[in-house]
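First comes the structure, then the notes that go with it.
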Amino acid sequence: MDLSEKETREKIIDPWLIGDAGWKEEYIRREVNSVKSDFKIKRYQIKKGEGKEEGRFIDYILLDEHKNPLAIIEAKKFSLDA
């Protein structure tokens, strides 16, 4: 299987998070800018559009019911070894 990073997120990670793992959309943040976000006040700046932007992006942040980060998930294209 040779999926791009985007396809890996769409076809493997997203269905697993929502279906098998039972995460609700309201507790999932995708492509969060780790430089522009303020984690202390729970303000998560999401990537907008394509191309290079300032900062580094976290593929997924899973939040608790108070919007505090619980876990970070980094996606890679399927053909890369972890």
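Length gain on complete extension for the stretch Ile12 to Lys76, per 0.36 nm per residue less the alpha carbon to alpha carbon distance? Stretched out fully, the Ile12 to Lys76 stretch lengthens by 21.9 nm. Modelled spin-label separation between Lys67 and Glu25, with each label point placed 7 Å from Cα along the Cα-to-Cβ direction: 1.8 nm.
Only the coordinates and a few stated rules stand behind these numbers; no lab work does. If you're wondering where the values come from, they're calculated on a predicted model, not measured in any experiment. In this analysis, Cβ positions are derived from the backbone assuming ideal geometry, glycine residues included, and neighbour counts consider all displayed protein chains.
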